[in-house]
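Everything below concerns the one structure shown next.
The values are calculated or read from the model by the stated rules, or taken from the named source; none is laboratory data. Everything numeric in this text was worked out from a predicted model, so none of it was measured. Using ideal geometry, Cβ is built from the backbone for each residue, glycine included, and neighbour counts are taken over all protein chains shown.
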Amino acid sequence: MIPRNLLLFLGVAALFVITGFAQSWNLALAVLNMSLISAIMALGVNMQWGYAGLFNTGVMGFVALGGLAVVLVSAAPVPEGWAAGGPGILLALVLGAATIVAAVLVRTRMRPGRLRGLVLAVVLIGGFFLYRAVFDPAVTAVEAFNPAVAGNLGGLGLPILLAWPVGGLLAAAAAWAIGKTALGLRSDYLAIATLGIAEIIIAVLKNEDWLARGVKNIISLPRPVPYEVDLQAQAGFVAWAQGWGFDPVTASSIVVKLCYAGLFGAVLLAVVVLSERALNSPWGRMMRAIRDNEVAAEAMGKDVTRRHLQIFVLGSAVIGIAGAMMTTLDGQLTPGSYQPLRYTFLIWVMVIVGGSGNNWGAVLGGFLIWWLWVMVEPIGLSVIGGLTAGLPEGSWLKGHLADAAAHMRLLTMGIILLVVLRFSPRGLIPER
């Protein structure tokens, strides 16, 4: 008898195979690649919620930081931008960091009282004006250089695969800063705080053109796989594709997507293996004990806040890596596309439907929910077209139902969530 969990994965795999045969393998592989990335994001959220009960609604912000890492590491540098204001921006950032350090030292070293408040105010206000006095002219100079195609500092021009761990480090650093201030809050306040900070991160990306061109977007990022046009220019590849009965253009697109799937699958496998080992270790049992009863765990000598910070940083790092992978797949950074509906709500649905606290459940949810998110709208349009085929052209009902097909995604997500919570409240693959 085939185990139930294996049947679930086989059923989801069948959806991708059917998509390939019924529509196109290019589409099936495109959905598969984003499903792999979504599964990694779901694993990061599952670490925070499933292991420790931390309600993080700032997924979008950590995804964006991963995308920013790709630009900073792999985009081509803009020498004219650096010459115009690069040193000034670096100096301003150092002054800002020094102001924060000085404020922390004043608060920790001086005795509470009016004098400490006065000195702290002088340090913060003076540091802020000094920072802006250096930062603003440098930014203006950078953004003034050829804003149509540049207007930023660019990146380091390094291989793009190096940006993936850097994306994890950027997200981890942000999570540490957030966790030091917000993890002492109650769960609902933590959710509000992380959502607000995620919106701040997106606002910075949209408005600081010197960093990543803001809403003008960064395009033509390097790729870790061959370009389709390069494959099509190789006589050996053309002969191979034609030997298999494929058009060289279609074959090149399929090969590139398969290369991406191999890279993303390797990262997903590594994250799953490490997550499983951690979950089944004494550390994992301790995290679940803290999640189930913080008071009892604290009474046994466990540092609850420190462990929460630890898992919050680890989960955010995984999300940041996935964000860098997604920007790599897109080949561009578009801050305007970072919407909470897609990068926070959907990931949470994946974790809940798959089974929070179970790594394989998060992976299953990532594949299933993303396939549904992409395919439900065209399927719904076809179904509605079939149901209204007998209605006359120009009928208000036919037009209304056709327009409503665009909302099938949200309707389907809501129905699936309700059905799973009703009949399998712990998810399709519950935590053992």
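The set of residues in region 186-219 being surrounded by 13 or more Cβ atoms within 10 Å (Cβ to Cβ) and of a type in the set (Phe, Trp, Tyr) consists of Trp210 alone. More than 26 Å from Ser275 (Cβ to Cβ), under 19 Å from the mean Cα position of the chain (by Cα) and either assigned by TED's automatic domain parsing to the domain that holds Phe16 or not in a helix (DSSP H, G or I) (or both) - does that describe any residue in region 308-321? The answer is no, given that none of the residues of region 308-321 is more than 26 Å from Ser275 (Cβ to Cβ), under 19 Å from the mean Cα position of the chain (by Cα) and either assigned by TED's automatic domain parsing to the domain that holds Phe16 or not in a helix (DSSP H, G or I) (or both). For region 1-96, which helices (runs of 4 or more DSSP H) that fit wholly inside it have 3 or more residues that are over 26 Å from the mean Cα position of the chain (by Cα) and either in the same structural domain as Ala177 (by TED's automatic domain parsing) or of a type in the set (Ser, Thr, Tyr) (or both)? In region 1-96, the matching helices (runs of 4 or more DSSP H) lie at 4-22.
Residues of region 239-251 being free of Cβ contacts under 8 Å to residues at least 40 places away in the same chain, surrounded by fewer than 17 Cβ atoms within 10 Å (Cβ to Cβ) and in a helix (DSSP H, G or I), which ones? Residues satisfying the conditions are Ala239, Trp240, Gln242, Gly243, Val249. Taking Val351 as the residue in question, decide whether it is buried (at least 24 other Cβ atoms within 10 Å of the Cβ) and under 30 Å from Leu8 (Cβ atoms). Taking the combined requirement at face value, the residue satisfies it.
Could you say whether any residue in region 383-401 is surrounded by 14 or more Cβ atoms within 10 Å (Cβ to Cβ), in the same structural domain as Ser24 (by TED's automatic domain parsing) and not in a helix (DSSP H, G or I)? Yes, that holds for at least one residue. Consider region 252-297 and keep the residues that are charged (D, E, K, R) and either within 24 Å of the chain's Cα centre (by Cα) or surrounded by 16 or more Cβ atoms within 10 Å (Cβ to Cβ) (or both). The one that is modelled with the lowest pLDDT is Glu294. The set of residues in region 162-200 being under 23 Å from Phe345 (Cβ atoms), in contact (Cβ under 8 Å) with a residue 12 or more places away in the chain and outside any helix (DSSP H, G or I) consists of Leu183 alone. If Val374 satisfies all but one of (1) touching a helix residue (DSSP H, G or I) at 6+ places or on another chain (Cβ under 7 Å); (2) touching a residue at least 40 places away in the same chain (Cβ under 8 Å); (3) assigned to a loop (DSSP other than H, G, I, E, B), what's the number of the condition it fails? Every condition holds for Val374 apart from (3). Just to be sure, is Ala173 closer than 25 Å to Gly315 by Cα and over 20 Å from the mean Cα position of the chain (by Cα)? Criteria not met by Ala173.
A Cβ distance below 8 Å, combined with a sequence gap of six or more or placement on separate chains, defines the contacts here; from region 4-16, residues that are farther than 23 Å from Ala30 by Cα reach residues that are of a type in the set (Phe, Trp, Tyr) in the pairs Asn5/Trp360. Does Ala261 qualify as being assigned by TED's automatic domain parsing to the domain that holds Pro222 and farther than 20 Å from Trp371 by Cβ? The answer is no for Ala261. Hey, does region 139-158 have a residue that's loosely packed, with under 13 Cβ neighbours inside 10 Å, modelled with pLDDT of 90 or more and not aliphatic (A, V, I, L, M)? Yes, some residue in region 139-158 is loosely packed, with under 13 Cβ neighbours inside 10 Å, modelled with pLDDT of 90 or more and not aliphatic (A, V, I, L, M).
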